[in-house]
Amino acid sequence: MFVAMRWIEVSSKLRSTLMFKAVLIGDAAVGKTSIRRKYLGKGFISSHIATIGVDFAKKTVNIDDQLVQIVIWDLAGQEGYGKVRAHYYQGCSALILVYDITNRDSFNNASAWLTESYKHVEEIPPIAVLANKADLRTPENIADLVTSEEGAVFAKALCEKLDVPTLFFETSAKNGENIQKSFTELTRIMIARFEVEQWKKKK
Ligand code: GTP
């Protein structure tokens with residue numbers, strides 16, 4: 001079944017196109033859909049249209065001469081969708097955990113999202129922690145927001161505790177800050193892990 005596949009090769013060119021599944025998780029309204037849209041080059045929507053259940057999109061990119069198709073699953077953040085989400089974690093090659101720097105609860109809930117996802121994955125995949133809505137930080141409100149240091153400490157603790165590569169970026173789906181970069185770096189990690197798996201199989 002598609003969702004259970006960790007990766008598949010989708011063409012037989014000189015270097016095959018790899019396909020990876022990445023899953024966006026985090027509280028409702030933190031900006032998961034907006035991040036996905038920005039990464040795909042689509043416009044920013046300023047109103048919140050809650051995702052119903054799940055949504056997904058594909059993008060093919062060339063990273064260091066390797067073609068990669070990334071399938072991004074966007075899971076609804078609202079509590080009532082827990083059962084729906086459960087099916088979509090399986091076989092993912094990366095988790096993109098999003099919180100909103102203007103909403104401390106979404107930062108405090110970040111660990112709970114990982115706990116939910118780990119119930120449904122065979123192996124803990126690499127994680128990108130995205131501290132979104134960075135464009136909303138101003139000199140006036142800076143004291144009320146989740147700081148960059150808090151986010152970095154959280155991501156470092158995850159990396160040490162779970163022993164998986166963990167990236168941390170402050171992002172803005174509105175102005176695009178670090179959106180492409182975070183996906184590119186995460187894809188590099190997925191490619192590297194794939195290559196290690198292949199090498200182990202050949203040994
Ligand atoms: P669910 O589908 O309910 O889980 O929400 P979501 O996490 O997909 O959030 P969504 O992308 O729908 O964004 C929620 C609201 O935040 C919308 O009003 C967006 O316009 C706004 N938003 C998202 N990202 C940013 C950002 O980086 N900066 C600003 N200023 N607003 C953002």
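The values are calculated or read from the model by the stated rules, or taken from the named source; none is laboratory data. None of these values were measured; they are calculated from a predicted model. Using ideal geometry, Cβ is built from the backbone for each residue, glycine included, and neighbour counts are taken over all protein chains shown.
Observations
- Contact map, the stretch 110-130: residues that are closer than 20 Å to VAL30 by Cα paired with residues that are of a type in the set (Ser, Thr, Tyr) and in a loop (DSSP other than H, G, I, E, B), Cβ distance under 9 Å, separation 6+ or inter-chain. Pairs shown: GLU116/TYR89; SER117/TYR89; LEU130/THR171.
- Checking the stretch 85-96 against the condition returns no match, with no residue being of a type in the set (Lys, Arg) and either closer than 24 Å to GLU185 by Cα or out of contact with any Leu (no Cβ under 6 Å at 6 or more places or on another chain) (or both).
- When ILE179 is tested against (1) touching a residue at least 40 places away in the same chain (Cβ under 8 Å); (2) crowded, with 17+ Cβ neighbours inside 10 Å; (3) under 19 Å from TRP113 (Cα atoms), just one condition goes unmet, and that condition is (3).
- Residue ranges of strands (runs of 3 or more DSSP E) in the stretch 33-104 with at least 1 members within 7 Å of the ligand (Cβ to nearest atom) and surrounded by 13 or more Cβ atoms within 10 Å (Cβ to Cβ): 66-75, 94-100
- Among the residues here, ALA173 does not qualify as within 16 Å of the ligand (Cβ to nearest atom), at pLDDT 95 or above and part of a strand (DSSP E or B).
- Residues located in the stretch 101-120, provided they are over 17 Å from GLN78 (Cα atoms) and at pLDDT 95 or above: ILE101, THR102
- Contacts under 9 angstrom Cβ, first residue in the stretch 18-47 being within 18 Å of GLY91 (Cβ to Cβ), partner basic (Lys, Arg) and near the ligand (Cβ under 7 Å from one of its atoms), 6 or more apart: LEU24/LYS32; ILE25/LYS32
- You will find that of GLU122, GLU160, GLU149, the residue that is touching a Lys or Arg at 6+ places or on another chain (Cβ under 9 Å) and either in a loop (DSSP other than H, G, I, E, B) or exposed (fewer than 12 other Cβ atoms within 10 Å of the Cβ) (or both) is GLU122 and no other.
- Qualifying positions in the stretch 12-26 - surrounded by 13 or more Cβ atoms within 10 Å (Cβ to Cβ) and more than 7 Å from the ligand (Cβ to nearest atom): SER16, THR17, LEU18, MET19, PHE20, LYS21, ALA22, VAL23, LEU24, ILE25
- Some residue of the stretch 131-142 being assigned to a helix (DSSP H, G or I), over 24 Å from TYR118 (Cα atoms), more than 13 Å from the ligand (Cβ to nearest atom) and out of contact with any Phe, Trp or Tyr (no Cβ under 8 Å at 6 or more places or on another chain): yes
- Scan the stretch 8-47 for residues that are under 18 Å from SER117 (Cβ atoms) and either charged (D, E, K, R) or at pLDDT below 50 (or both) and the total you get is 4.
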